[in-house]
Amino acid sequence: MKNVVRIIAIAVMLSMLIGSVALAAEFDLGGKTITVVAAVDKLEGLREEGRVAEAEQLFNCKLESLVLPVDTIVESMVTRLISGDSEYDVWGIDNDNFFALVGRDALLPINSVLPAEYFDEARKYAEPAIRHFSAGGNIYVVSSFETLPNGATSWLAFNKDILAAEGLPDPYDLYEAGEWNWDNFRNLLVGATKDFDGDGTMDQYGIQGMSVWAYIVCSNGTNLFVPGPDGKLKYNWNSPEVLEAIAFGGQLVNIDRVNSPSGGFDQGTVAFAYQATWQLDGLKTSGMNYGLIPFPKGPSADGHTMYTGFCGGLGLPRNSADPVAIAAVMDYLFLPQDFEAYLNERNWTQINDYCPDRRSAAIFAEFLPEFNKTGQILNYSLTADEVWNAYVAARDGQKTPAEAMNEVAAQGQAYLDALLGQ
């Protein structure tokens, strides 16, 4: 039967925990029903492929989906935990619910029941997902390790015709020369922003959708909250890297005024735009002569990156009755047989699908394998309202970034500690 060898390998690995070398057949769940609880049906495609039926036979279990509304899913999961209904649950975790579930002590630390070796392959190819779903020194994600770029990753597109008409440098040339940085990016944005008829209103802008806290912060090689020496997340909005990003973003938005207030990239009146993966199909059919490139590198960054603000995975409730066996079932359903081959194929599929020319393809062929390993998933959902307000004041020049973000550091950390139960 397909994948039996792989299941045996999982069993051998897990024998480190359970004390004997087990075969896949020994993971007998005795007809129990595993319920995958999420905001979408995580099993739909696998069911259609026949994989769910296969897993049910292999592990002597039933698999069902429970789809819940996003706005009530945390409370529903916690209610299942309190009532004891979650013993054979698998929970879909993401930015919207993960930290809240950790704060409610509702999730099982996977590293408490599976050996460190369980994460070896995922750490090679999906480290950002493991990093994102970790807190307090524990790892909470199992089986489904989302790789970057995902559907929520933003790429940087540019209108070649606008840059050529303005006599501006080609971003590909800058990237290949190792000069694709904030300074040269700013020069392009300023150079493309024009008032053609002299009426005081800009007819062409350098960029649209400039979310400084997202795109500029991540391009400076940092995150908004970072693990401390004890593994607990710490407020990082007042770090030199974030302050540098806020200052640069404020320069672009409020002084240079290169950011379009109303879009225009699709209409050919904006030179650059951040485009999520799901938007790239539309760009392909737009007829625009466009390029695609990673973000320019900030002065504190080690390399180029792109923005990702969402990641999904699977977790287990704290009262999981048989986490080792349930993990084996989920591994069978969700883990690639060969992670390296899977990711290589995925990278090339994205390059072939989205890169509009050979130079873009060559850049991403080099960039994506590194981004797979080092990309950040921005943990903005941990931000207190007071911190957001301080950021806006800093971005808009009402206060210096250091003044604004230091003023709310204690509140930001207190909110984080309360949310996560640190």
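We did not get these values from a lab; they are worked out from the coordinates using the rules stated. Just so you know, these numbers come straight off a predicted model, no measurement behind them. Note that each Cβ is placed from the backbone with ideal geometry, even for glycine, and that neighbours are counted across all protein chains shown.
Can you sort Thr153, Thr305 so the residue with the fewest Cβ neighbours within 10 Å comes first?
On the way: Thr153 22, Thr305 25.
Ascending number of Cβ neighbours within 10 Å: Thr153, Thr305.
Under a Cβ-Cβ cut-off of 10 Å, what is the net charge of the residues other than Val67 that fall near it, where Lys and Arg count +1 and Asp and Glu count -1? Provide the component values of the computation, followed by the final result.
Working: positive: Lys42; negative: Asp41, Glu44.
Computed value for this residue: -1.
Using modelled amide H (1.01 Å from N, peptide plane; none on Pro or chain starts), what sits under 5 Å from the amide H of Leu233, excluding residues fewer than 5 places away?
Under 5 Å from the amide H of Leu233: Gly136, Gly228.
Given an 8 Å cut-off on Cα distances and at least 6 residues of separation, report the relative contact order of segment 178-262 as a percent.
Details: 93 pairs, mean separation 25.2, N = 85.
Once normalised by length, the contact order is 30 percent.
Against the empirical 2.2 N^0.38 Å scaling, what ratio does the C-alpha Rg of segment 168-259 come to? Mind showing how you got there, number by number?
Values: Rg = 16.2 Å, N = 92, 2.2 N^0.38 = 12.3 Å.
This ratio for segment 168-259 stands at 1.32.
Report the relative contact order of segment 323-406, percent, no decimals, based on alpha-carbon pairs under 8 angstrom and at least 6 residues apart. Show your work: numbers first, answer last.
Working: 24 pairs, mean separation 12.6, N = 84.
Relative contact order for segment 323-406 comes out at 15 percent.
So if we plug the beta-carbon distance of Gln57 and Asp302 into 1/(1 + (r/R0)^6) with R0 = 51 Å, what FRET efficiency do we get, rounded to 0.05? Please list the in-between numbers first.
Details: r = 48 Å, r/R0 = 0.94.
The calculated FRET efficiency here is 0.60.
Just to compare against my own numbers: the Cα pair-distance distribution for the chain, 20 Å bins, whole % per bin, please.
Histogramming the chain at 20 Å steps yields 24, 51, 23, 2 percent.
Which residue, Pro128, Leu107, Asn138, has the largest displacement toward the positive end of the dipole of segment 84-165 when charges sit on each Cβ (Lys, Arg +1; Asp, Glu -1)?
Of Pro128, Leu107, Asn138, it is Pro128.
How many nm is it between the label spots at Glu26 and Lys373, if each spot is 7 Å from the Cα in line with the beta carbon?
Spacing of the two 7 Å Cα→Cβ label points: 3.4 nm.
Please determine, in degrees from 0 to 90 and to the nearest 10, the orientation of helix 385-395 with respect to the longest principal axis defined by the Cα atoms of the chain, where the helix direction is its Cα long axis.
The helix 385-395 is inclined about 30 degrees to the chain.
Helix 240-250 against the longest principal axis of the chain: what's the angle in degrees, Cα atoms only, rounded to the nearest 10?
50
How far is helix 409-420 tilted, in degrees, relative to the longest principal axis of the Cα atoms in the chain, given as a value from 0 to 90 rounded to the nearest 10?
30
Take every Cα pair under 8 Å in the chain that's 6+ residues apart, average their separations, divide by the length, and report that relative contact order as a whole percent. Before the final figure, lay out the partial values.
Numbers: 748 pairs, mean separation 100.6, N = 422.
So the answer I get is 24 percent.
In terms of modelled amide H atoms, which long-range or inter-chain residues lie less than 5 Å from the amide H of Thr153?
When sequence neighbours closer than 5 places are left aside, the close amide H contacts are Thr277.
Could you sort 275-287, 207-219 so that the peptide with the highest average Cβ count within 10 Å comes first and the rest follow in order?
207-219, 275-287
For the chain, modelled as a GNM with alpha-carbon contacts under 10 angstrom, which of Gly45, Gly92, Gly264 fluctuates the most?
Gly45
Do the sum for the chain: with -39,500 (n - 2.57) for every DSSP H run of n ≥ 4, divided by all residues, what is the mean residue ellipticity at 222 nm, to the nearest 500 deg cm²/dmol? Spell out each step's value before the answer.
Details: 18 runs with 173 residues, N = 422.
Calculated mean residue ellipticity at 222 nm is -12000 deg cm²/dmol.
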